[in-house]
Amino acid sequence: MSELLVDFITSLDGHASAEGWPGFWGLEGPEYLAWLSEQAEATYLMGANTYRLMSGFAAGEVPNGQDEFRPEEEASVDELTSASKVVFSSSLEEPLTWANSTLVRDDAVEVVRAMKSSGSGLLSTIGSLSLCRSLLRAGLVDRFRVVMFPVITGATGAERIYDGYPDVALEMIGHRTFDGRIQLVEYKPRVLEHPPLGTPG
């Protein structure tokens, strides 16, 4: 059975991106980049908006506010290009131009449920906030990982990650600090029907 990882990179205040900031908010360091390069091979799941953005980067479109990609950003996009990707969308048209991408028009929750039960590798989301929220609500997420960068983007932040989420209990299964400033936390999530009664023992 496959394992499903929801994986976010955020500012401290929970934004997935911010206007005018470079990738990784320009704060990645050698420890973090080394850890990224050591990650297990995965099949990446995404929605149409993330596909359009990332495939544009792969085709050479530079993010707003930058003149060119930094080497760290190029390496990250190249790794995604070579990876297997499943794109859930009713608006995109085939054939998808980004290499190793498969378009799926069926319900994402049911497709991922089937992928989990019939597969053996790692499934990992990238971006795709509404997709992640749907998969979490359906109880399909095995690991919920957040890497928080030490910046608050109150004025320029976009894509607030946790808006619209249900209440979720999180059991910590891992944590790490990179380069003395970047914090990783990893949890096993459990969606709650109501707040827990009483106080923890």
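The values are calculated or read from the model by the stated rules, or taken from the named source; none is laboratory data. As the structure is a computational prediction, the values presented were derived from the model and not from experiment. All Cβ positions, even for glycine, are placed from backbone atoms using ideal geometry, and neighbour counts span all protein chains on display. Accessible surface is based on the protein model in full, side chains and every heavy atom, while ligands, DNA and RNA are left aside. Shrake-Rupley method; radii C 1.70, N 1.55, O 1.52, S 1.80 Å.
Here L103, L92, L136 are screened, and the one residue that is of a type outside the set (G, A, S), farther than 26 Å from A40 by Cα and open to solvent by less than 80 Å² (accessible area, probe 1.4 Å) is L92.
All of (1) more than 17 Å from the chain's Cα centre (by Cα); (2) free of Cβ contacts under 8 Å to residues at least 40 places away in the same chain hold for L96 with one exception: (2). The lone criterion from (1) under 18 Å from W35 (Cβ atoms); (2) out of contact with any helix residue (DSSP H, G or I) (no Cβ under 9 Å at 6 or more places or on another chain); (3) not hydrophobic (A, V, I, L, M, F, W, C) left unmet by P150 is number (2). Could you say whether any residue in segment 51-68 is under 19 Å from L5 (Cβ atoms) and not in a loop (DSSP other than H, G, I, E, B)? Yes, there is a match, as at least one residue in segment 51-68 is under 19 Å from L5 (Cβ atoms) and not in a loop (DSSP other than H, G, I, E, B). T81 meets each of the listed conditions (1) part of a loop (DSSP other than H, G, I, E, B); (2) free of Cβ contacts under 8 Å to residues at least 40 places away in the same chain; (3) over 20 Å from K188 (Cα atoms); (4) in contact with a helix residue (DSSP H, G or I) (Cβ under 8 Å, 6 or more places away or on another chain) apart from (1).
Do you know which residues across segment 142-186 are aromatic (F, W, Y) and open to solvent by 50 Å² or more (accessible area, probe 1.4 Å)?
Within segment 142-186, the first condition is being aromatic (F, W, Y), and the residues that meet it are 144, 149, 162, 165, 178.
Hit for segment 142-186 is Y162, nothing else.
Tell me whether segment 40-47 contains one or more residues that are aromatic (F, W, Y), at pLDDT 90 or above, within 24 Å of V146 (Cβ to Cβ) and within 16 Å of the chain's Cα centre (by Cα). Walk me through how you get there before you give the answer.
Step one: list which residues in segment 40-47 are aromatic (F, W, Y), which gives 44.
Still in the list and also at pLDDT 90 or above: 44.
With the extra rule that they be within 24 Å of V146 (Cβ to Cβ), the set shrinks to 44.
Next, from what is left, pick out any that are within 16 Å of the chain's Cα centre (by Cα): 44.
Within segment 40-47, one or more residues are aromatic (F, W, Y), at pLDDT 90 or above, within 24 Å of V146 (Cβ to Cβ) and within 16 Å of the chain's Cα centre (by Cα).
In segment 153-201, the qualifying residues are those that are in contact with a strand residue (DSSP E or B) (Cβ under 6 Å, 6 or more places away or on another chain) and outside any strand (DSSP E or B), and the one that is farthest from A18 (Cα to Cα) is L192. Regarding segment 132-151, can at least one residue be identified that is farther than 30 Å from V104 by Cα and either in a loop (DSSP other than H, G, I, E, B) or in contact with an Asp or Glu (Cβ under 7 Å, 6 or more places away or on another chain) (or both)? Within segment 132-151 (the criterion being farther than 30 Å from V104 by Cα and either in a loop (DSSP other than H, G, I, E, B) or in contact with an Asp or Glu (Cβ under 7 Å, 6 or more places away or on another chain) (or both)), the answer is yes, since at least one residue qualifies.
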